[in-house]
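Nothing in this text is a laboratory measurement; each read-out follows from the coordinates by a stated rule. The shown structure was predicted, so the numbers you read here are calculated from the model rather than taken from an experiment. Neighbour counts are summed over all protein chains in view; Cβ atoms, including those assigned to glycine, are modelled from backbone coordinates with ideal geometry.
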Amino acid sequence: MSADETLLQLLADGRFHSGEQLAQHLGVSRAAVWKRIEGLRALGLEVQAVSGKGYRLARALELLQTERVREELGCDDCARLRLECLYEVDSTSDYLLRLLRSGERGEVAVVAERQLAGRGRRGRSWVSPFGANLYLSLLSHFTAGPAALMGLSLVAGVAVVRAIEALGAAGAGLKWPNDVMWQGRKMGGILLDVSGEANGPSHVVTGVGLNVAMPRDAAEGIDQPWVDIKEAGGQTGRNRIAGRVLAELCEAMQRFQQDGLAPFLAEWNQRDSLAGREVVLSSEQGAVTGIARGVDGQGFLRLETAGGVKTFSYGELSLRPLDAN
Ligand code: BTN
């Protein structure tokens, strides 16, 4: 563990710690402690300094811990899962893609306190400030080839919304293909990296980003309406959230491996936040407007247009309610 991580663990309780005590713990000078405190501030954390008392975090911080995430897992399918908590990483999904390329064939999950190059859909970046939200990726393997995994991203969406509900934030929904929504605002997103042989096996990294308690200044980089679990009335302990999301994801992946998309379809359509609404579907080729009519058995979007019901597969598509333009 780095000295920065040790310092943060000491301060995480939100209580005052004297510079002397911190210096002793870290085995460095008080000036060096001060320098590291500046480093924590640079991460976006508010550290208060009061003479005679020392330093404290303005808000106590629940750091990610593998044992605490595991406590929440409680599903048989998760038993063989390897779990890692990282202080920082470029992207939790890229981390797992590197493991996959190096030959990893087990199930691995990774969560991080922050991402330096978090990736979103359609080449966008994912705002990933320190200690504030959930950045989680899961590496899974399937016997079938990538073509058979059509619909898996919808399944991941259903799993994440189930977890959010279990955490007490009622009313979360989905926007095709797999944005997690709450009252018309985005609460989270899912990104799948799929690879493999045409006839199988295939390998999937499912990346989940969920806003938990997004700091206002970090959110300035977000260019669409957003919400976090805190505002939606859910629990904000990130170990619990990570465990719940992972448990639901593992279970859903297992079911998908056996039975495909079918057992999830009705639930996806029931949680469709745009069902029956007039929407516009845009791609580089242009835009199509119509009424959103849920998804079909392959997970394709159904749009009722002037020319009848048309279906659209995933890709570089963006879907919006017409009245939001
Ligand atoms: C989207 O654009 O809606 C998808 C966002 C996915 C973000 C998550 S955060 C964890 C994982 N690591 C990444 O770099 N991206 C995904």
* Asked: Which residues, taken from the range 101-127, are surrounded by fewer than 24 Cβ atoms within 10 Å (Cβ to Cβ), in contact (Cβ under 8 Å) with a residue 40 or more places away in the chain, within 12 Å of the ligand (Cβ to nearest atom) and assigned to a loop (DSSP other than H, G, I, E, B)?
  -> Gly120, Trp126, Val127
* To do: Scan the range 145-178 residue by residue and report those that are within 17 Å of Val227 (Cα to Cα) and of a type in the set (Val, Ile, Thr).
  => Val160, Val161, Ile164
* Here are some residues: Gly157, Gly173. Which one is away from the ligand (no atom under 14 Å from the Cβ), touching a residue at least 12 places away in the same chain (Cβ under 8 Å) and small (Gly, Ala, Ser)? -> Gly173
* To do: Could you please let me know if Arg320 is over 23 Å from the mean Cα position of the chain (by Cα) and part of a strand (DSSP E or B)?
  => no
* Per-region count, the range 219-229, residues surrounded by 16 or more Cβ atoms within 10 Å (Cβ to Cβ) and over 21 Å from Gly157 (Cβ atoms) -> 0
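A quick yes/no check of all residues on (1) among the hydrophobic types (A, V, I, L, M, F, W, C); (2) over 21 Å from Asn239 (Cα atoms); (3) touching a His at 6+ places or on another chain (Cβ under 8 Å); (4) buried (at least 20 other Cβ atoms within 10 Å of the Cβ):
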position	(1), (2), (3), (4)
Leu149	yes, yes, no, yes
Leu152	yes, yes, no, yes
Val160	yes, no, no, yes
Gly168	no, no, no, no
Lys175	no, yes, no, yes
Ser195	no, yes, yes, no
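Filter the range 62-79 down to the residues that are closer than 24 Å to His17 by Cβ and away from the ligand (no atom under 16 Å from the Cβ) and list them by number. Explain how you work it out, then say what you get.
Initial filter on the range 62-79 (closer than 24 Å to His17 by Cβ): 62-65, 67-68.
Within the range 62-79, Glu62, Leu63, Gln65, Glu67, Arg68 meet the criteria.
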* Considering only the range 23-81, how many residues are closer than 30 Å to Gly106 by Cβ and of a type in the set (D, E, K, R)? -> 9
* Extreme residue, surrounded by the most Cβ atoms within 10 Å (Cβ to Cβ), among residues of the range 44-56 that are under 17 Å from Arg216 (Cβ atoms) and touching a residue at least 24 places away in the same chain (Cβ under 8 Å) -> Leu45
* Does Arg185 fit the bill of being closer than 24 Å to Gln115 by Cα, in contact (Cβ under 8 Å) with a residue 12 or more places away in the chain, over 14 Å from the mean Cα position of the chain (by Cα) and surrounded by fewer than 24 Cβ atoms within 10 Å (Cβ to Cβ)? -> yes
* **Number of the condition not met by Val180 [criteria: (1) away from the ligand (no atom under 16 Å from the Cβ); (2) under 29 Å from Arg98 (Cα atoms)]** => (1)
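So, of the residues in the range 90-100 that are in contact (Cβ under 8 Å) with a residue 40 or more places away in the chain and not small (Gly, Ala, Ser), which turns out to be nearest to Leu40 (Cα to Cα)?
Thr92
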* Asked: Limited to the range 251-275, what total is found for residues that are within 19 Å of Ala144 (Cβ to Cβ), of a type in the set (A, V, I, L, M, F, W, C) and either surrounded by 18 or more Cβ atoms within 10 Å (Cβ to Cβ) or under 19 Å from the mean Cα position of the chain (by Cα) (or both)?
  -> 6
* So which of Arg98, Arg82, Arg59, Arg41 is under 30 Å from Gly189 (Cβ atoms), within 16 Å of the ligand (Cβ to nearest atom), exposed (fewer than 14 other Cβ atoms within 10 Å of the Cβ) and not polar (S, T, N, Q)? -> Arg98
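Quick test for you: out of Ser153, Ser202, pick the one residue that is among the polar types (S, T, N, Q) and over 20 Å from Leu136 (Cβ atoms).
Ser202
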